[in-house]
Amino acid sequence: MSDLKKWIVTANGIANDIARKEALEADRDGKWVHKTMTALKETKLTGLVVPKENGGLGGGLYALARISEELGKAYSSAGLCFGMHCVGAAVIAAKATDYQKKKYLQPIAEGEHITSLALSEPGTGAHFYFPQTSLLPTSQDDFIVNGDKTFITNGGHADSYVVSTLGASEDATADQFSCIILEANQPGIIWGDPWNGLGMRGNSSCPAHLNDIHISGNQILGEKGDQLWYIFNVVAPYFLMSMAGTYLGIAEAALQEAKNVLAKRHYMHSGTGLAQVSILQHRLGTLWSNVERTRRLIYNAAQLGDNGEPEAITHILAAKAEVGHCVVDVVNEAMTLAGGIGYRENGLLGMYLRDARAAHVMSPTTDLLYTWLGRVLLDQPILSD
Ligand SMILES: Cc1cc2nc3c(=O)[nH]c(=O)nc-3n(C[C@H](O)[C@H](O)[C@H](O)COP(=O)(O)OP(=O)(O)OC[C@H]3O[C@@H](n4cnc5c(N)ncnc54)[C@H](O)[C@@H]3O)c2cc1C
């Protein structure tokens, strides 16, 4: 069995045995998916994107999309929490110093450390690549961080956070930022209200005020001027592929739910089942096709990315934009196929419906992605607004 196959089997086991059960409690109470993340740590799947030379599994974008899909099928917040950890890990790994390898990557690979990504801010919203959080030097090896972050997945539960800040130099312009690592126990991280979202209720996406936090140069990632390199070479591909996989998982789960309802429902007056009604057969076929063509787009995009193909970026942008439409449309339609019973029970389809809606607003949002895609095709600068 290939390594990837083994990871998928492991993820599938965690998804079915733990995440699926944890979903009910997490969705009801807004509780972070602690049991699922613990199982992912214990099996060292949390080291998925950490390079092998740092003790990790050395998986790439395709592996990330596939594992996120497995988790997403059982519970979308599990896919989201795992995905944001992996994006953070990939950002750390991209240009890690020896200190950062030892301090962060090795513990992540050993299943002892969860990280996450804190890019979004209340002031710049979906335009997460324009952070306002400041990073100012106070001496040669001491910097002070101030600002506000919002929607930090795994918030309050991770061991570290990859945070974007406005460039360390005084002449830094708005689009020049640095990424830093904050440790969870650093004085000055003040968490805001717990996550109480419409959906994705197990992801603990919290705001945090960063108040005079002192960090050393060891906590700064990469070199000055690396920021756009990080965004387009690490953050975007890893984020987009993990989220595409997660939302694909929801779409697949909704498709299966619709199929189950159609297969089981029979009428007493006629003795016929919904599985025999042509229009419903047709609608299910349409749903399957939507999910499958989106799956192929995502898998192909991830493989192009892993192979370093120059055209990968267009496919990766399109994959997350398309999965946003796919998941919202498929879940919506599955809800119709499940009839009044599906609506009444506020069961799995209700949860999928709420969770799926996050696809369009998680940045890069669907609207931004199509615009960026058009810009790439027209050879225009991506971040021109
Ligand atoms: C469940 C969940 C988890 C999240 N997890 C994280 C996380 O772990 N880390 C993190 O950093 N962030 C995270 N986010 C934040 C997310 O990525 C976005 O930054 C956030 O949802 C933007 O919300 P907003 O209300 O500020 O949107 P706004 O910026 O106010 O945008 C509102 C709408 O306007 C559209 N819009 C804005 N500008 C343009 C434009 N130029 N062209 C076209 N459309 C435009 C947007 O697409 C959006 O639909 C998460 C969000 C959610 C919902």
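A short reminder: the numbers here are calculations on the coordinates, not readings from a lab. Keep in mind that this is a model prediction, so the values were computed, not measured. All Cβ positions, glycine included, derive from the backbone under ideal geometry; neighbour counts span all protein chains shown.
In this structure, the amide hydrogen of THR150, modeled 1.01 Å from its nitrogen in the peptide plane, lies closer than 5 angstrom to those of SER120, GLU121, ALA208, counting only residues at least 5 positions away or on a different chain.
Take the Cα of VAL376, step 7 Å toward its Cβ, do the same at VAL361, and the gap between the two points is 2.6 nm. When only the Cβ of Lys, Arg, Asp and Glu is charged (+1, +1, -1, -1), the dipole of the range 3-109 relative to its Cα centre reaches about 220 debye. Taking a sphere under 14 Å around the Cβ of HIS214 and counting the other residues whose Cβ falls inside, with K and R at +1 and D and E at -1, yields a net charge of -4.
Summing +1 for each Lys or Arg and -1 for each Asp or Glu among the other residues whose beta-carbon sits under 12 angstrom from that of ALA126 gives -3.
Calculation over all alpha carbon pairs of the chain in 20 angstrom steps from 0 returns a P(r) of 29, 57, 13, 1, 0 percent. The simple spin-label model puts a point 7 Å past each Cα toward its Cβ; for ASP142 and GLU42 those points are separated by 4.3 nm.
Given R₀ = 35 Å, FRET efficiency for ASN16-LYS102 by Cβ-Cβ distance, to 0.05?
Values: r = 35 Å, r/R0 = 1.01.
With R0 = 35 Å, the Cβ-Cβ based efficiency is 0.50.
Which residues does the label zone of ASN332 cover in the range 358-385, counting backbone N under 15 Å from a point 7 Å along Cα→Cβ? Label zone hits: 358-361, 366-367.
Considering only the Cα atoms of the range 3-109, their convex hull presents on average a projected area of 6.1 nm². Where is the GNM fluctuation largest for the chain (alpha-carbon springs, 10 angstrom cutoff): GLU345, GLU183, GLU333? It is GLU345. A simple rule links phi to the HN-Hα coupling: the Karplus curve 6.51 cos²θ - 1.76 cosθ + 1.60 with θ = phi - 60°, which for the range 55-64 gives x, x, 8, x, x, x, 5, 5, 4, 4 Hz, with x for Gly and Pro. Overall, the anisotropy analysis places the range 198-311 in the oblate class: the square-rooted eigenvalues a ≥ b ≥ c of its C-alpha gyration tensor yield a/c not less than 1.5, with a/b not exceeding b/c. Averaging Cα coordinates gives a centre for the range 266-287 and one for the range 78-127; these two points are 47 Å apart.
Dipole of the chain, Cα-centred, from +1 at each Lys and Arg C-beta and -1 at each Asp and Glu C-beta, to the nearest 20 debye? Show your work: numbers first, answer last.
Details: 31 positive and 40 negative charges, 329 e Å.
For this selection, approximately 1580 debye.
Can you check what the net charge comes to around ALA184, using other residues whose Cβ is under 14 Å from the Cβ of ALA184 (Lys, Arg +1; Asp, Glu -1)?
Numbers: positive: LYS103, LYS149; negative: GLU112, ASP159, GLU183.
Net local charge, ALA184 excluded: -1.
Farthest toward the positive end of the dipole of the chain, out of MET1, ALA63, ASN233, is the Cα of MET1, where the dipole comes from beta carbon charges about the Cα centre. Under conditions of 20 °C and 1.002 mPa s, the range 227-377 yields 130 µm² s⁻¹ as its translational diffusion coefficient, taking Rh as the Kirkwood radius over Cα pairs in the Stokes-Einstein equation.
By definition, a body whose alpha carbon gyration tensor gives a ≥ b ≥ c is oblate when a/c is 1.5 or more and a/b is not larger than b/c, and the range 65-140 fits this oblate description. Packing around the peptides 300-308, 138-146, 232-240, taken as the average count of other Cβ atoms within 10 Å per residue, puts them in this order, highest first: 232-240, 300-308, 138-146. Evaluating 6.51 cos²θ - 1.76 cosθ + 1.60 at θ = phi - 60° for every residue in the range 264-269, the Karplus couplings come out as 8, 7, 10, 9, 6, 5 Hz, glycine and proline recorded as x. Distance between the pseudo-spin-label points of GLU25 and ARG296 (7 Å out from Cα toward the beta carbon): 4.2 nm.
For LYS224 and THR314, the difference between the fully extended length at 0.36 nm per residue and the C-alpha to C-alpha distance is 29.7 nm. Shown here is the pair-distance distribution of the range 110-160: with all Cα-Cα distances grouped in 5 Å bins from zero up to the longest one, the shares run 4, 19, 19, 19, 20, 13, 6, 0 percent.
What do you get for Rg/Rh of the range 245-308 when both radii come from the Cα atoms and Rh is the Kirkwood radius? My calculation puts Rg/Rh at 1.19. As a proxy for reagent exposure, CYS206, CYS326 were ordered by neighbouring Cβ count within 10 angstrom, fewest first; the result is CYS206, CYS326. Here is how the number arises for the chain: DSSP H runs of 4 or more residues each give -39500 (n - 2.57), the sum is divided by the residue count, and the result at 222 nm is -15500 deg cm²/dmol.
Phi angles across the range 41-46 convert, under the Karplus curve 6.51 cos²θ - 1.76 cosθ + 1.60 with θ = phi - 60°, into 3J(HN,Hα) values of 5, 4, 8, 6, 5, 5 Hz, Gly and Pro given as x.
Using 0.36 nm per residue, how much length does the chain from VAL9 to GLN132 gain when fully extended, once their Cα-Cα distance is taken away? Intermediate values should be presented prior to the final figure.
Numbers: separation 123, 0.36 × 123 = 44.28 nm, distance 4.18 nm.
That works out to 40.1 nm of additional length.
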